[in-house]
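Chemist: Have a look at the structure that comes next, please.
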Amino acid sequence: MIKRVEVQYRGIFQKNLGKFIGGDIVQIASRMGKVAFSNGRYSDSPERNGIPCKYFAFVSQELSEEELEAECGAKLDIDEADVSVVVDDTMVKGVEPWAWHGVRPVNEKVREKGCLLVVSRHGHDQLLQFIPKKAFDYRLALVEGEASFAGMWVNKDDLTRERVLGAIAAVDPGIISIEAVESYLLDRTKQQHRAEAARAAYNATLRSLRVVRPGEGAEWHHEIPRLPTWREFEAGGVVVPAVPRGFKLGPRGQTRNEGFKRGTSKSHRPVIRFDLCTKCTLCWYDCPDECFDPTDDGLFDVNYEVCVGCHRCAEICPVPECIVMVDELRFGNDDSPWEHHTRDPQGYIKWAEEKKGTDRIHYAHVTGTGVEVRQGKFVPPKQDKGGAAARAKA
Amino acid sequence: MATVAEHTNVWAKDALLNGCQAVAQAVRLANVDVIAAYPIRPYTEVMDALSKIIADGELDSEFIVADSEHSQFEIVKHASSVGARAFAGSSGTGWMYGFEALVVTATDRLCPLFLVGNRALDDPGAFGVEHNDALALRDMGWLLCWASTAQEALEHVLIGYRLAEDSRVLMPMALAMDGAFLTHSQHMVKMPTQEAVNKFLPPFNLGKRRMHPDNPVSIAPQVNEDWVMELRRQNWEAARRARQIIPDVYKSFNDLFGPRYANPFFDEFMCEDAEVVLVGLGAVAMPARTAVRRLREQGKKVGYVNLRWFRPFPTEQLRATLGRAKGVGVIDRDFAHGSPDNGGIVVHDVRSCLYPLAKRPAVTNFIGGLGGRDMSIDDCIRMFEITFDAAAGKQSDDLVTWIGLRE
């Protein structure tokens with residue numbers, strides 16, 4: 001029997017996390033006397049920031065390495081997963097890894113009685129608002145925590161790696177046992193707290209396990225694309241019709257590539273207070289994906305289907321509280337915020353502020369304000385003024 | 001015959017490595033002097049791993065990031081001419097871009113080792129495996145072999161240097177490895193000890209041709225019609241000699257590290273009494289061997305040849321093994337459009353190799369797995385079935401079958 005684990009992660013930001021978890025499973029399973037190997041879904045790379053990607057681990061107790069490889073090693077994706085780990089919960093809204101793939105359900109590969117294991121601060125019911133229905137029973141388990149984001153060459157050492165390993169042992173001990181996870185972490189790092197983090201996650205995950213019944217979950221409205229046969233497209237390589245040029249004022253006024261929208265790359269979306277906007281144009285001008293549509297009143301609507309959540313608009317907007325990045329899971333659709341604002345200005349402000357809540361992401365530089373805001377903790381204005389004065393004197 | 005006990009102290013601990021990292025570790029163990037790098041995936045991960053190994057102080061080597069593949073290959077060619085053990089590599093179109101430098105490295109009889117992380121040739125831009133990049137070397141006076149596991153890749157860097165630097169050979173060596181399935185798959189790999197590697201791989205000695213202030217020589221001056229034929233004949237002799245020396249190199253390896261390679265040129269899997277044999281290169285060995293097992297359980301006499309060395313081509317050995325079969329199916333993860341029967345590249349060499357036999361097996365050809373397309377166990381079973389038909393004389397006019405194509 002073969003156990004298949006997939007780790008669904010955000011490209012670049014969680015690249016090393018995905019690879020480490022895959023490699024850890026191989027080493028732990030090997031210590032348990034099993035045969036295992038791990039690889040990534042090759043076509044995901046070169047990764048883009050935030051694009052949904054996959055890493056795999058394959059484990060077997062009985063098969064030889066050769067037989068395990070024959071079954072799993074020469075394939076690009078898996079047909080079904082015993083455990084599908086999702087290390088950023090905003091991917092439950094769907095994953096569009098690359099052009100031609102379409103937006104796919106996050107639980108597409110979870111097999112009957114298998115487990116979808118999500119790192120999240122949200123509850124089961126909130127996640128199931130977005131996770132599509134399946135035709136059979138499967139399990140949903142949670143590892144409580146924020147998505148661990150780092151960069152191309154680094155991994156954030158916030159114990160997500162250890163906790164996910166503990167959680168995998170909880171949802172399917174046939175892959176790795178919690179004892180083996182603990183002993184591996186202790187041998188490898190000599191640090192007790194890592195083993196303890198895995199054990200704590202193991203216990204918490206056992207408590208969070210819940211069976212999802214057929215019919216529980218969201219209706220899926222994205223079409224899975226069908227690729228053409230070799231007779232069905234023009235000779236001379238893949239010739240993609242250009243996006244016809246088109247522009248008119250208003251929401252969705254610009255023509256865009258319908259074949260690859262990339263909106264599932266984002267874990268945050270910009271919420272705009274149109275009433276505060278000074279019409280400075282910077283968001284529209286700087287957006288790397290041309291997500292902003294100019295409107296006839298001089299404002300800029302944003303198209304969330306194509307926004308990848310890069311934070312650029314929120315960084316560059318000179319007006320405090322005008323563009324704020326908000327957790328993607330607080331939103332149920334990609335409707336035009338400008339239309340909402342135009343239809344009901346007061347209602348829109350109330351809605352926007354509710355969505356924004358009180359958390360704010362701080363950026364290293366905010367153009368036009370002349371104030372340097374350090375990332376991380378909020379710096380009170382008084383202290384900051386002193387700092388600025390001290391710097392001016394120096 | 002050495003006993004198992006004698007081999008226990010030649011292996012250090014197992015390590016989790018992907019194919020690229022396994023090659024990088026072998027480059028460290030081979031104490032390579034000069035590494036030239038230029039990124040293109042899937043090769044890139046080798047240079048990533050090597051730069052880390054050097055930064056960690058585990059290897060003292062010149063690491064030169066070139067401005068292109070062409071410069072990268074020229075750098076290692078020149079490094080080899082001063083007697084440095086040198087390493088470079090590339091993939092797909094990057095490999096093709098450096099081709100002028102690759103050709104002269106062979107005609108100059110210099111012997112760096114290159115990793116080819118097999119990748120489809122553009123256009124369209126694609127990253128998956130196809131063997132045309134490495135196979136383009138087949139007529140250029142190179143040593144060319146395929147690894148089919150990360151372990152084999154590690155070992156063939158050592159075997160490759162030993163062979164390429166042999167004073168009777170002195171040819172550049174290309175080690176090919178399927179992109180994705182081998183380069184990017186993490187496995188537990190057995191690491192040889194440095195002492196054992198030092199025993200197996202002597203220091204590189206270019207002898208009188210070494211360019212050095214103490215030995216001032218000029219390499220490859222312009223010559224005309226009155227020289228080239230004789231130079232080519234020397235290359236021809238070297239390639240012939242390499243074929244004879246390969247078994248000696250593997251014997252040394254097996255003596256030191258344990259009986260790892262029964263046949264130096266190719267792995268024979270259940271071929272002894274096989275009526276039908278498939279032949280392939282690289283990662284397709286994984287599903288093909290399992291297909292053999294399953295068909296054997298049904299009583300069908302099938303076998304698989306995992307061809308390791310393509311240059312020099314193991315003519316005699318392959319003729320002996322395949323000559324016993326009634327049908328041979330050659331799996332090409334490459335294309336040779338417009339070639340005889342419009343087959344792949346490998347099938348033509350295999351068919352030529354079998355032609356002198358009085359009683360020849362029927363040869364049929366499969367093109368599959370292009371651009372990294374999966375080849376499954378079921379695909380392999382289907383290829384066996386078609387080859388059985390060919391052996392029974394039921395072959396259609398079309399001698400080539402495309403596997404896994406969206407028809």
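Chemist: So is residue B:158 part of a loop (DSSP other than H, G, I, E, B) and either of a type outside the set (Val, Ile, Thr) or within 14 Å of chain A (Cβ to nearest Cβ) (or both) or not?
Modeler: Details: part of a loop (DSSP other than H, G, I, E, B): no; either of a type outside the set (Val, Ile, Thr) or within 14 Å of chain A (Cβ to nearest Cβ) (or both): yes.
No: the conditions fail for residue B:158.
Chemist: If residue A:281 satisfies all but one of (1) of a type in the set (Val, Ile, Thr); (2) open to solvent by less than 20 Å² (accessible area, probe 1.4 Å); (3) over 30 Å from residue A:224 (Cβ atoms), what's the number of the condition it fails?
Modeler: Tallying (1) of a type in the set (Val, Ile, Thr); (2) open to solvent by less than 20 Å² (accessible area, probe 1.4 Å); (3) over 30 Å from residue A:224 (Cβ atoms), residue A:281 fails exactly one: (2).
Chemist: Can you tell me which of B:9, B:31, B:18 is open to solvent by less than 20 Å² (accessible area, probe 1.4 Å) and out of contact with any Phe, Trp or Tyr (no Cβ under 9 Å at 6 or more places or on another chain)?
Modeler: Working: B:9 fails: open to solvent by less than 20 Å² (accessible area, probe 1.4 Å); B:31 fails: open to solvent by less than 20 Å² (accessible area, probe 1.4 Å).
Of B:9, B:31, B:18, the one residue that is open to solvent by less than 20 Å² (accessible area, probe 1.4 Å) and out of contact with any Phe, Trp or Tyr (no Cβ under 9 Å at 6 or more places or on another chain) is B:18.
Chemist: For the range A:1-33: of the residues being charged (D, E, K, R) and open to solvent by 10 Å² or more (accessible area, probe 1.4 Å), which is nearest to residue A:106 (Cα to Cα)?
Modeler: Residues of the range A:1-33 that are charged (D, E, K, R), as a first pass: A:3-4, A:6, A:10, A:15, A:19, A:24, A:31.
Now restrict to residues that are open to solvent by 10 Å² or more (accessible area, probe 1.4 Å): A:3-4, A:15, A:19, A:31.
Values: A:3: 19, A:4: 16, A:15: 18, A:19: 19, A:31: 31 Å.
By that ranking, first place goes to A:4.
Chemist: Pick from the range A:46-58 the residues that are in contact (Cβ under 8 Å) with a residue 24 or more places away in the chain and within 12 Å of chain B (Cβ to nearest Cβ): which of them is surrounded by the fewest Cβ atoms within 10 Å (Cβ to Cβ)? Give the steps one after another, and end with the answer.
Modeler: Of the residues in the range A:46-58, the ones in contact (Cβ under 8 Å) with a residue 24 or more places away in the chain are A:47-58.
Still in the list and also within 12 Å of chain B (Cβ to nearest Cβ): A:47, A:55-58.
Values: A:47: 21, A:55: 27, A:56: 24, A:57: 28, A:58: 27.
Step by step, filter the range A:46-58, then rank; the result is A:47.
Chemist: While we're here: Count, please, the residues in the range B:267-292 that happen to be under 16 Å from the mean Cα position of the chain (by Cα) and under 12 Å from residue A:67 (Cα atoms).
Modeler: Applying the first criterion (under 16 Å from the mean Cα position of the chain (by Cα)) to the range B:267-292 yields B:267, B:279-285.
Add one more test, that the residue is under 12 Å from residue A:67 (Cα atoms), and what stays is B:285.
Residues that pass the stated criteria total 1.
Chemist: OK, next. Between B:228, B:223, B:249, which is open to solvent by less than 60 Å² (accessible area, probe 1.4 Å) and not in a helix (DSSP H, G or I)?
Modeler: Numbers: B:228 fails: not in a helix (DSSP H, G or I); B:249 fails: not in a helix (DSSP H, G or I).
Residue meeting the stated conditions: B:223.
Chemist: Going through the range B:178-215 one residue at a time, which ones are more than 14 Å from chain A (Cβ to nearest Cβ) and in a loop (DSSP other than H, G, I, E, B)?
Modeler: Correct list: B:193, B:201, B:202, B:203, B:204, B:205, B:206, B:210, B:211, B:213, B:214.
Chemist: Would you please name the residue that is farthest from the other protein chains (Cβ to nearest Cβ), looking only at residues in the range A:208-228 that are over 29 Å from residue B:404 (Cα atoms) and loosely packed, with under 10 Cβ neighbours inside 10 Å?
Modeler: Kept after step one, since they are over 29 Å from residue B:404 (Cα atoms), are these residues of the range A:208-228: A:208-221.
After this cut, where a residue has to be loosely packed, with under 10 Cβ neighbours inside 10 Å as well, the list is A:215, A:219, A:221.
Values: A:215: 33, A:219: 30, A:221: 26 Å.
The residue in question is A:215.
Chemist: Any idea how many residues of the range B:371-407 are within 14 Å of chain A (Cβ to nearest Cβ), open to solvent by 40 Å² or more (accessible area, probe 1.4 Å) and in a helix (DSSP H, G or I)?
Modeler: Residues in the range B:371-407 being within 14 Å of chain A (Cβ to nearest Cβ), open to solvent by 40 Å² or more (accessible area, probe 1.4 Å) and in a helix (DSSP H, G or I): 1 in total.
Chemist: Among the residues of the range B:235-246, are any in contact (Cβ under 8 Å) with a residue 12 or more places away in the chain and under 30 Å from residue B:293 (Cα atoms)? Steps first, please.
Modeler: From the range B:235-246, those in contact (Cβ under 8 Å) with a residue 12 or more places away in the chain are B:235, B:238-243, B:245-246; that's our starting set.
In the following step, the residues that additionally are under 30 Å from residue B:293 (Cα atoms) were identified as B:246.
The answer is yes; a qualifying residue exists.
Chemist: I would also like to ask the following. Out of everything in the range B:127-148 that is in contact with a Ser or Thr (Cβ under 9 Å, 6 or more places away or on another chain) and either surrounded by fewer than 24 Cβ atoms within 10 Å (Cβ to Cβ) or outside any helix (DSSP H, G or I) (or both), what residue ends up being farthest from the other protein chains (Cβ to nearest Cβ)? It would help to see each step written out before you state the result.
Modeler: Pass one, the range B:127-148, residues in contact with a Ser or Thr (Cβ under 9 Å, 6 or more places away or on another chain): B:127-129, B:133, B:140-142.
Then drop every residue that is not either surrounded by fewer than 24 Cβ atoms within 10 Å (Cβ to Cβ) or outside any helix (DSSP H, G or I) (or both), which leaves B:127-129, B:140-142.
Working: B:127: 7, B:128: 7, B:129: 9, B:140: 28, B:141: 32, B:142: 27 Å.
Here the residue is B:141.
Chemist: For the range B:289-310, which residues satisfy the criterion of being open to solvent by less than 40 Å² (accessible area, probe 1.4 Å) and either among the polar types (S, T, N, Q) or in contact with a strand residue (DSSP E or B) (Cβ under 6 Å, 6 or more places away or on another chain) (or both)?
Modeler: Matches in the range B:289-310: B:290, B:292, B:295, B:302, B:303, B:304, B:305, B:306, B:307, B:308, B:309, B:310.
Chemist: Another question, if that's okay. Restrict the check to the range A:70-89 and report whether at least one residue is more than 14 Å from chain B (Cβ to nearest Cβ), under 19 Å from the mean Cα position of the chain (by Cα) and either open to solvent by 10 Å² or more (accessible area, probe 1.4 Å) or acidic (Asp, Glu) (or both).
Modeler: yes
Chemist: Would you confirm whether any residue within the range A:116-129 is free of Cβ contacts under 8 Å to residues at least 24 places away in the same chain and either more than 30 Å from residue B:381 (Cα to Cα) or buried (at least 17 other Cβ atoms within 10 Å of the Cβ) (or both)? Give the derivation first.
Modeler: Within the range A:116-129, the subset free of Cβ contacts under 8 Å to residues at least 24 places away in the same chain is A:123, A:125.
Going one step further and asking which of them are either more than 30 Å from residue B:381 (Cα to Cα) or buried (at least 17 other Cβ atoms within 10 Å of the Cβ) (or both), we end up with A:123, A:125.
Yes.
Chemist: Please tell me if residue B:284 is touching a residue at least 40 places away in the same chain (Cβ under 8 Å), over 26 Å from residue B:192 (Cα atoms) and in contact with a helix residue (DSSP H, G or I) (Cβ under 7 Å, 6 or more places away or on another chain). Walk me through it before giving the result.
Modeler: Working: touching a residue at least 40 places away in the same chain (Cβ under 8 Å): yes; over 26 Å from residue B:192 (Cα atoms): yes; in contact with a helix residue (DSSP H, G or I) (Cβ under 7 Å, 6 or more places away or on another chain): no.
Here the answer is no, as residue B:284 does not meet what is asked.
Chemist: Select from the range B:256-288 the residues that are open to solvent by 10 Å² or more (accessible area, probe 1.4 Å), at pLDDT below 95 and within 11 Å of chain A (Cβ to nearest Cβ) and list them in ascending order.
Modeler: The one that is open to solvent by 10 Å² or more (accessible area, probe 1.4 Å), at pLDDT below 95 and within 11 Å of chain A (Cβ to nearest Cβ): B:286.
Chemist: Mind checking which residues of the range A:319-352 are in a loop (DSSP other than H, G, I, E, B) and open to solvent by 40 Å² or more (accessible area, probe 1.4 Å)?
Modeler: Filtering the range A:319-352 down to residues in a loop (DSSP other than H, G, I, E, B) leaves A:319-322, A:331-336, A:344.
Within the range A:319-352, A:320, A:321, A:332, A:333, A:334, A:335, A:344 qualify.
Chemist: Report yes if some residue within the range B:335-343 is in a loop (DSSP other than H, G, I, E, B), within 14 Å of chain A (Cβ to nearest Cβ) and not basic (Lys, Arg); otherwise report no. Let's see the steps before the verdict.
Modeler: Kept after step one, since they are in a loop (DSSP other than H, G, I, E, B), are these residues of the range B:335-343: B:335-339, B:343.
Those still in the list that are within 14 Å of chain A (Cβ to nearest Cβ) too: B:335, B:337.
When the remaining residues are screened for being not basic (Lys, Arg), the result is B:335, B:337.
Looking for residues that are in a loop (DSSP other than H, G, I, E, B), within 14 Å of chain A (Cβ to nearest Cβ) and not basic (Lys, Arg), one finds at least one in the range B:335-343, hence yes.
Chemist: Examine the range A:97-117 for a residue that is assigned to a strand (DSSP E or B) and touching a Gly at 6+ places or on another chain (Cβ under 8 Å), and state whether such a residue exists. Walk me through it before giving the result.
Modeler: Kept after step one, since they are assigned to a strand (DSSP E or B), are these residues of the range A:97-117: A:104, A:110-117.
Next cut, touching a Gly at 6+ places or on another chain (Cβ under 8 Å) only: A:104.
Yes, because at least one residue in the range A:97-117 is assigned to a strand (DSSP E or B) and touching a Gly at 6+ places or on another chain (Cβ under 8 Å).
Chemist: Right, something else. Restricting the range A:229-256 to residues that are open to solvent by 80 Å² or more (accessible area, probe 1.4 Å) and closer than 19 Å to residue A:293 by Cβ, which is farthest from the other protein chains (Cβ to nearest Cβ)?
Modeler: Initially, the range A:229-256 is screened for residues open to solvent by 80 Å² or more (accessible area, probe 1.4 Å), giving A:230-235, A:238-242, A:244-245, A:247-249, A:252.
Applying the additional criterion that residues be closer than 19 Å to residue A:293 by Cβ yields A:244-245, A:247-249, A:252.
Values: A:244: 22, A:245: 24, A:247: 29, A:248: 33, A:249: 36, A:252: 30 Å.
Looking at the filtered set, the residue picked out is A:249.
Chemist: Kindly check whether there is at least one residue in the range A:34-45 that is in a helix (DSSP H, G or I), within 9 Å of another protein chain (Cβ to nearest Cβ) and open to solvent by less than 30 Å² (accessible area, probe 1.4 Å). It would help to see each step written out before you state the result.
Modeler: Start the filter on the range A:34-45 by keeping residues that are in a helix (DSSP H, G or I), which leaves A:42-44.
The next check asks that each one be within 9 Å of another protein chain (Cβ to nearest Cβ); those that pass are A:42-43.
Then keep just the ones that are open to solvent by less than 30 Å² (accessible area, probe 1.4 Å); that gives A:42.
For the range A:34-45, residues in a helix (DSSP H, G or I), within 9 Å of another protein chain (Cβ to nearest Cβ) and open to solvent by less than 30 Å² (accessible area, probe 1.4 Å): present.
Chemist: Across the range B:286-309, what is the total count of residues that are aliphatic (A, V, I, L, M) and farther than 17 Å from residue B:347 by Cβ? First the steps, then the outcome.
Modeler: Quick first cut of the range B:286-309, residues aliphatic (A, V, I, L, M) only: B:286, B:288, B:291-292, B:295, B:302, B:305, B:307.
Still in the list and also farther than 17 Å from residue B:347 by Cβ: B:286, B:291-292, B:295, B:302.
Qualifying residue count for the region: 5.
Chemist: Tell me, which strands (runs of 3 or more DSSP E) lie completely within the range B:10-81 with 3 or more residues that are in contact (Cβ under 8 Å) with a residue 60 or more places away in the chain? Let's see the steps before the verdict.
Modeler: Details: elements: B:11-17, B:34-37, B:62-65.
The strands (runs of 3 or more DSSP E) meeting that bar are B:11-17.
Chemist: A follow-up question, please. Answer with yes or no whether residue B:40 is β-branched (Val, Ile, Thr), touching a Ser or Thr at 6+ places or on another chain (Cβ under 6 Å) and buried (at least 23 other Cβ atoms within 10 Å of the Cβ).
Modeler: Details: β-branched (Val, Ile, Thr): yes; touching a Ser or Thr at 6+ places or on another chain (Cβ under 6 Å): yes; buried (at least 23 other Cβ atoms within 10 Å of the Cβ): no.
No: the conditions fail for residue B:40.
The values are calculated or read from the model by the stated rules, or taken from the named source; none is laboratory data. Just so it is clear, the model here is predicted, and its values are computed rather than measured. FYI the Cβ positions are ideal-geometry reconstructions off the backbone, even for glycines, and counts take in every protein chain you see. Quick note on the areas: whole protein, heavy atoms, side chains included, nothing else; ligands and nucleic acids left out. Shrake-Rupley method; radii C 1.70, N 1.55, O 1.52, S 1.80 Å.
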